[in-house]
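Report on the structure given below.
The values are calculated or read from the model by the stated rules, or taken from the named source; none is laboratory data. All figures in this text were calculated on a predicted structure; none of them were measured in a lab. Note that each Cβ is placed from the backbone with ideal geometry, even for glycine, and that neighbours are counted across all protein chains shown. Each accessible area value is taken on the protein alone, full model and side chains, heavy atoms only, with ligands, DNA and RNA left out. Shrake-Rupley method; radii C 1.70, N 1.55, O 1.52, S 1.80 Å.
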Amino acid sequence: MTEYNGYSFFGPSTLKELLEEVALFDGSIAFLAGGTDLIIELKKGKKKPHLVIDVSQIPELNGVHEENGFLHIGSATTFSQLARHPLIVEKGLCLAQAARKIGSEQIRNRGTLGGNIASASPAGDCLPVLLVLEAMITLQNPDGVRRLPLSQVLQGSGRTCLTPNELITGIDFPVLDGGYVSGFEKLGSRTAVTVAKLNLAAVIKVDQENHSITEARIAVGALGETAFRLPDLEQNLVGEINPFLLHLFEDMLTETVDNAISGRYSHPYKREAIRGLAEDMFVNLFGASSVPGGRTHG
Amino acid sequence: MGEEGQGLKYVGKNLPIHDGAAKVRGRIKYTGDLALEGMLIAKLLFSPLPHAKILSIDAKAALAIPGVIGVYTHENTPKTHYNSQVWFDGQEAMTLEDERIFTDTVRFVGDKVAAVLAVDERTAQEALGLIKVEYEALPFNVDPEKAFDNVVSIHPVQEPFFTKEFHCGNSDEVFEQAEIIVEDRVETPKVHHAAMEPHVCIAVPDHNGKITILTPCQIMYSVRLTVAKVLGLPFNKVRVIKTPMGGSFGGKQEVILEPLCAYLAQSSEKPVKLELNRKECIISTRTRTKVIGVVKTAVDGRGKILARDFQVIADTGAYTSNGAAIVSAMGKKLFRLYRVDNQRYQGRAVHTNTTVAGACRGYGTPQIMAISELNIDSTARRLGMDPLEFRVKNLVQPQDSDLSGGPSLGDARVIECALEGAKAFEWSEKRAREPLVGRYKRGVGMACSTHGNGYYGAFQDFVTMTLRMLEDGSMILLSGLHELGCGTITSTKQIIAEVMDMDPDRIEMSEGDTETSPYDIGSQASRVMHVCGAAALKIAQSVKGLFRSQAAFIFKCSPEDVVMCDEMTWSIKEPDKRLTYGEIARTVQRQHQLELIITETYRATDNPGSYGANFVEVEVDTLTGLIKVLDVVAAFDVGKAINPDFVKGQIYGGIQMGVGFALTEDIKIDPLTGIVKSDSFANYHIVNAPDMPPMRVILIEKGENDGPYGAKSIGEIATCAIAPAIVSAVNHALGTNLTVLPLTPERILMGLLPQKK
Amino acid sequence: MVLEMTVNGKAIKVEVNPNARLLDVLRENLGLTGAKEGCSGEGECGACTVIMDGKAVNSCLVLALQARGKEIITIEGLESNGELDRLQQAFIDQGAIQCGYCTPGMIMAAKALLMGNPHPSEAEIRLGIAGNLCRCTGYLKIISAIQEVAGTNLRKGGQDDDGV
Ligand SMILES: Cc1cc2nc3c(=O)[nH]c(=O)nc-3n(C[C@H](O)[C@H](O)[C@H](O)COP(=O)(O)OP(=O)(O)OC[C@H]3O[C@@H](n4cnc5c(N)ncnc54)[C@H](O)[C@@H]3O)c2cc1C
Ligand code: FES
Ligand code: FES
C-alpha cells in the first residue's frame, strides 16, 4: 500500500483541455462539480483521488437547450438553474420540482445534476425524476462517447457504470409536450434541507377528452440501492380515470415498499407514509379535487 | 427592588445588544478565530468502543511525523480525578469524582483516549490516524432501566449511584383510598445543545508558570478550580478569561476541554488550541439528561389533585457529571407548580455507556415538566375536564410556600399566565372546534412550568462587583459576568444607567477574568438577571450615594438636594449651576483625593419561581406522521422585563429548542454497538426557519420580588413548557396518549396503527 | 497553487493547497474570520455562507481553487466606507442577534436572497435561510430584520400581543 499524499487540482475551461489532461494523467481522478458531496468525502478521507478535476467552469457542460424534441442539460448545470429554467419548467416540470426541493439555497447554487447522478445516492432526488423522463446520460472519456439510459448508469448505492476516467457530460430526455403532466414529491424529516426518506416521480399522459390516462411512468427512490421504475403500477394506472385510482395507486405503492424493504427497520413506517406521498402526487398532478376531502393542509 | 417613584428611562426599553455591531460586521473574535504566535494545535482520539480496557497505546508512528510535538494518553498525563460539574471547592463531596484527563478504561463511544499535539491541524490529524490502541472489550449497557441490574459495572459503585427523595403529606395513604388514579410513563431523549460554536479552548503558559485559559465558559471559577486541581497549581497561577460565547445552553457550563488544554500548554510551554468538530461535540461533550418517569396522580371527581407520585430515572451517561444535582433539581420543581398536599418524588441516577449528560437549558425542568404535564393532561382527559380548567384549579398562587421546604414561591403568577395565554390563543374556541376529517388532524394543547432564580435556599449565591466613575463621567463595572449572547451586559448597563441617570453606552463592562474580576458563581441556575442584576442595582445605588454626598459638598447643599439627570448634576436650590458627572469626579479627585469607586458583595435574598404557560396548535399529517406547529402563544411571568426584546429573544429561542425536543432531536445510540447514530447536523435535525411556528409572547410583569426592578429569570424557563404543550396538542389531535419524546413521524404512525386497524 | 479571485472588491492572489476550501483561505490566509465553521464543513449549518458571483454558497463546500476568477463577498465586505449595510443595521435594530455565531452566514444568505429577489415574501425568506441554523433566536427576529429591508415587514415576525 503506497501512502496517500493528497490530490492535486486541475481547473480546465474547456472540455478539450479536460480530456487531454485525463488522457495524460496516470493516477486516479475525481471530477468535481458543485462539491456538495465530493468535498465532504474528500475531507473525511472516504475518497482518495490523485487528481481532482473541476468541471464547474466549463461552459460546454453548463446550460439547458432544446434540440429536435429533446431537452439537453449540461452535467454541471446547478439545481438553482434547473429550478427556474423556463424550458425545464415548461417541458420537464418534475425536474424543476425536484431541483427546488434539494438541500438549501446554498446547496442548490452549487450542486449539479451530473453530481446527483454520479453520486448515485439511493435517495438522490433527481434520480427517480430522470427515470420517468427516460433520460439518456452521455458519458465521455478520451477514448470516446457513449449514451446510456440512466437505469444502466446506476449500478447500486454509490455505484455507477462510469469507468475511472469517464465523465458525465450531458443529460437529455424527450420534451414533455402539452399532453403530459409530471411531478415530483418527497418525504423527508422536515420541510426543507432534508434527505429523502422516500421520493416519487411521475410522468402521466392524460387524454382529457376521454378522461383517461394513456401513459404512466412512475419511479420511487430511497427504497433500495437505486431508484427504480414501477412497470406494474404504470400499467395499472392506464385507463379511465376513476375515483378508485388513488386507492389503487396507494395500495400498489405500499406493496412496492413491502417488496422492496420488508424486514428493514424503516419498513413499517415507509409502507404507511408512501400513501401520503401518493396523495401529494395526485394533488400535484391533478389538483386538490383529485383526493378525497380535498386538501385541508394549513 | 428598584428606584422608587419615577418613570423608567432605560429599564424596560429595547436597547440593542452591546456587541451587535461587532457581530454583524464579522469582527468579533470568538476563540476559534484566534491564532496566537507559536500556537500548537491539539486533536483528540476518541474511543470507538462503548466500554473497554485500554491494553496498550502505540504512538511511535505518530511521534515520528515531523511537526508532532507529543502524544498524550492516560500514561503521561495527571491521574487526578475530578467532576466537571463542580463549581466550588468542597462540592465534590456531594458527588462522585470519576473523570480524568485521559482514562485507562473507556466508558462510552467518544471517551477521550489520546491527544496529539502538533504544529498544525493537518499534522495533528494525520498523526492521530497512526496511533494504535489495543482494547479489551468489556460488557456494556446503554439502557438506563437495565442499569439497575448492576450486571455491567461502569464505576465501582452500585447503580443507582444516587437517590433523592422529596415529599410532603402522606401520598401512600391517599393513593390507597383514591378512586381516580391516572398513571403515565414518559420518556425524554438525550439532546445535543447544538450551540453553533463548537467546543474550543486556548491555553497559554507564561514564563512564571502561570497558565491563562481563553474559553467561552459559563463559570470561570469552576474552570479555575478544576484546572488548578488537575495541574496541581495554586489558584492564582490559573487565569481564566471568558471569551465571546458562540452559544452554550449549558453545554459549555462544565469543565470539559480546559484541564487537558491547560496541561498540554503547561507541558509544551506553548500556547495550545483545542477545538472539537461537530461530531465530536455531539458524541463526546455533554447532552441533556435522558429521563424516564413514571408518574401517578390521584384526583377527586371535581378535579382537585389529591396526591402525586413520581418515580424518575436520570441517565447521566458514562461519567457522573451533574447526575446527582439534576435529580435533586428536577424533584424540587414539582413542589412549586401545583398545590399538592401529598406528594412524593423519588429520583434515581444511573450510569450507562453513553455520552455524558450535563447542564442543559432548564437543568432537568424540561424533562420533569414533560413528565408532570403530560400526566396532568391525561388526568384531565380521564376526568373529562378541560386541561386549562383542571390546571387553574390546582396551580399555585402568589406567596404559596414550597411544601418540600424550599424558599417561598414568591409572586407566583402562573394562573395569570394560563388565563392570559388562553385568552390570546382563543383556547376555548379552538378546543371546542369540530375535529377535521381526513388526512390532516388539528389539535391544541397547553403546558405550564416553573423554574428558579438562582441558588438561594440551596447553595451560596452571592456576587462581588466594583463600580467606578472615571474623570470624564463614564463608568466601568468590574464583575465576573459571563455574556452568553442573551444580552446580560446590555441589561446590566440599563440597570446601572437607570440608577445613575446616564446613557448606558457610557458604561463599560468587562466580562469574567479570574485575575481581575471579583468572585461570581457564574452564569448558571437562572441567576444572572435576578441576582447579578440586583447586585448591579445595589452597587449603582451605593455609587450614586457616594456621588451625591460628594456633589453635595461641592454644591454646598445636602445630598438629598443633589439632582442627577443625563450626566448633569446640580443642587435643587441652584438649578442654574450645573456640572457634568465628569466635573464632579475630577473635582473630587483634585480636592479630596478620592475616587468614586465602590466594591460590594451582594447576597441573594430570595428565590421566587418564574412561571410560564404555553399554548400550541398543531397539524398532524396522519399519512406521513409529520407534524407542523401552527401557532404558539407563550405567556411568562418574568417579574419585570429589563429589556423586553431580549426577553422575547430568549422565549423564541427556547421555543426553537423545545420544538426540537418535542419532535426531532434525539441522540440516537445503537444498542448493539453503543455508537451515536445521529452524529451530525445531517441526521440530528434542529428546527430550521421554515419549520418555526409563528410565536406570540405575553409577559406578566408584576415585579414583586428582590430582583432588580422585580426581574425574574427567563432564559431557562423559556424552553420548559413548550415540548409537553406540543405533545399534548398532538394527543388532542389524534386521540392518542403518546408520551415518548421526540414524536418522530415513525412514532406517530406507529401510535396511529391501533386506530387504523 | 496560485489562486486569483476578487474578495470584497479587491483582487487577491494567494498560494493555496489544492485541498484548501474557500472557507480555509478566507479565514487562514486572508484573516477574514467572519465566516464560521459550525457543522464541520458538511453544508448543514450555513455559518460559512459567503456570496460568490452573486449567489450564496457554503464556503466549506467550495474548494478554494474553484473560486478562481470569482467575485467573493464576505461579511467583512458588506459595509462600505464604515457605513453598515442596511441588512446589518436591521439585524441590530430588530434584535436578530444573540450569540452572533450564525450572524455572518445568516446575513450573507439574506443578502444574496435580496440581491435576487428584493421583495421576498415571508415564506420565501424562510426558505432562503433554511440552510442557516441558529440555536439562539428562534429565527423570528431574523425574519423581521430581512423583512424590514425588503419592505415587506407587514407584520413583525414575532407578532406580540403585549404591545411592547
Ligand atoms: C446539506 C446538503 C443537502 C443535500 N440535500 C440533498 C437533497 O435534498 N437531495 C439530493 O438528492 N441530494 C442532496 N444533497 C447531496 C448533493 O447535493 C447532491 O447529490 C448533488 O447533486 C451533488 O452534486 P455536486 O455537483 O455537488 O457533486 P460533487 O460533490 O461535485 O460530486 C459528487 C460525485 O459525483 C462525481 N461527479 C460530479 N460531476 C461529475 C461528472 N460531470 N461526471 C462524472 N462524475 C461526476 C464526483 O466525482 C463525485 O463522486 C445534499 C448535500 C448536502 C451537503
Ligand atoms: S460549515 Fe459550511 S455549512 Fe456548516
Ligand atoms: S445568534 Fe446564536 S446561533 Fe444564531
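Values as computed for the structure displayed
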{"read-out": "Summed buried accessible surface, chains C and B, 1.4 Å probe, nearest 100 Å²", "value": "4400"}
{"read-out": "Per-residue mean of C-beta atoms belonging to partner chains within 10 Å, peptide B:616-623", "value": "3"}
{"read-out": "Residue-level accessible surface for B:Lys393, protein heavy atoms, 1.4 Å, Å²", "value": "100"}
{"read-out": "Kirkwood-based Rg to Rh ratio, the protein assembly as shown, C-alpha trace", "value": "0.97"}
{"read-out": "Helix-only CD estimate at 222 nm, as mean residue ellipticity for chain A, using -39500 (n - 2.57) per DSSP H run (n ≥ 4)", "value": "-10000 deg cm²/dmol"}
{"read-out": "Residue-normalised accessible area of the stretch C:2-77, expressed per residue, 1.4 Å probe, Å²", "value": "31"}
{"read-out": "Neighbourhood net charge (14 Å Cβ-Cβ; Lys/Arg +1, Asp/Glu -1) for A:Thr226", "value": "0"}
{"read-out": "Chain B, helix-only ellipticity at 222 nm - DSSP H runs n ≥ 4, -39,500 (n - 2.57), divided by all residues, nearest 500", "value": "-8000 deg cm²/dmol"}
{"read-out": "Bins of 10 Å from zero: percent of alpha-carbon pairs in chain B", "value": "3, 14, 23, 24, 19, 11, 5, 1, 0, 0"}
{"read-out": "Under the span-like rule (Cα at least 18 Å along the axis, Kyte-Doolittle mean at least -0.5), DSSP H helices of chain C", "value": "C:103-116"}
{"read-out": "Accessible-area order (highest first, 1.4 angstrom probe) of the listed residues A:Thr191, B:Thr379, A:Thr14", "value": "A:Thr191, A:Thr14, B:Thr379"}
{"read-out": "Chains A and C, summed buried accessible surface - 1.4 Å probe, Å², nearest 100", "value": "2300"}
{"read-out": "Violating pairs (Cα-Cα greater than 24 angstrom) within the set B:Lys493/C:Lys141; B:Lys13/B:Lys573; B:Lys60/B:Lys112; A:Lys47/B:Lys279", "value": "B:Lys13/B:Lys573"}
{"read-out": "Semi-axis lengths, Å, the stretch C:2-77, gyration tensor of Cα atoms, sqrt of 5 times eigenvalues", "value": "17, 13, 11"}
{"read-out": "Over the stretch B:1-140 - Rg/Rh using Cα atoms and the Kirkwood inverse-distance radius", "value": "1.20"}
{"read-out": "Modelled FRET efficiency - R0 45 Å, A:Asn259 with B:Asp120, Cβ distances, 0.05 increments", "value": "0.30"}
{"read-out": "Share of carbon and sulfur in the accessible heavy-atom surface of the protein assembly as shown [1.4 Å probe, %]", "value": "50"}
{"read-out": "FRET efficiency, 1/(1 + (r/R0)^6) with R0 41 Å, evaluated for B:Val294 and A:Glu225 via beta carbons", "value": "0.40"}
{"read-out": "For the stretch B:277-355, convex hull volume per residue from C-alpha positions, Å³", "value": "102"}
{"read-out": "Sparse-neighbour loop sites [trypsin sites (Lys or Arg not before Pro); the stretch B:669-749; at most 13 other C-beta within 10 Å; DSSP]", "value": "B:Lys677"}
{"read-out": "Too-long pairs where the Cα-Cα distance tops 31 Å, listed order kept, from B:Lys332/B:Lys756; B:Lys190/B:Lys332; A:Lys16/A:Lys48", "value": "B:Lys332/B:Lys756"}
{"read-out": "26 Å Cα-Cα threshold exceeded, pairs from B:Lys304/B:Lys712; B:Lys544/B:Lys577; B:Lys290/B:Lys441", "value": "B:Lys304/B:Lys712; B:Lys290/B:Lys441"}
{"read-out": "For the stretch C:62-133, convex hull of alpha carbons as volume per residue, Å³", "value": "125"}
{"read-out": "B:Arg413, B:Arg302, B:Arg339, reordered so the largest accessible area comes first (probe 1.4 Å)", "value": "B:Arg302, B:Arg339, B:Arg413"}
{"read-out": "Loop-resident sites, the stretch A:1-62, for trypsin sites (Lys or Arg not before Pro), counting at most 16 other Cβ within 10 Å (DSSP)", "value": "A:Lys46, A:Lys47"}
{"read-out": "Simple label model, 7 Å out from Cα along Cβ direction - B:Asp566 to B:Gln591, nm", "value": "2.5"}
{"read-out": "For a label point 7 Å along the Cα-to-beta-carbon line of B:Glu183, residues of the stretch B:276-298 with backbone N under 18 Å", "value": "B:292-298"}
{"read-out": "Within chain C, helix-based [θ] at 222 nm, where runs of 4 or more DSSP H residues each add -39,500 (n - 2.57), nearest 500", "value": "-7000 deg cm²/dmol"}
{"read-out": "With 5 Å bins from 0: P(r) over chain A, alpha-carbon pairs, percent", "value": "1, 5, 11, 16, 17, 16, 12, 9, 5, 4, 2, 1, 0, 0"}
{"read-out": "Added length on full extension, which subtracts the Cα-Cα distance from 0.36 nm per residue, B:Ala35 to B:Thr516", "value": "170.8 nm"}
{"read-out": "Distance in nm between pseudo-label sites at C:Glu71 and B:Ser428 (7 Å out along the Cβ direction from Cα)", "value": "6.2"}
{"read-out": "Kirkwood Rh and Cα Rg combined as Rg over Rh, evaluated for the stretch B:153-267", "value": "1.23"}
{"read-out": "Potential lengthening between B:Arg578 and B:Asp472 on full extension [0.36 nm per residue; Cα-Cα distance subtracted]", "value": "36.7 nm"}
{"read-out": "12 Å beta-carbon shell around B:Lys712, net charge (K/R +1, D/E -1)", "value": "-3"}
{"read-out": "Label-point separation, B:Lys53 to B:Leu419 (7 Å along Cα→Cβ), nm", "value": "6.7"}
{"read-out": "Enclosed volume per residue, in Å³, of the convex hull spanned by Cα atoms of the stretch B:398-454", "value": "129"}
{"read-out": "10 Å Cβ neighbours from other chains, averaged over peptide B:87-100", "value": "0"}
{"read-out": "Where only alpha carbons of the stretch B:533-663 are counted, the Rg and the Dmax (Å)", "value": "25.3, 82"}
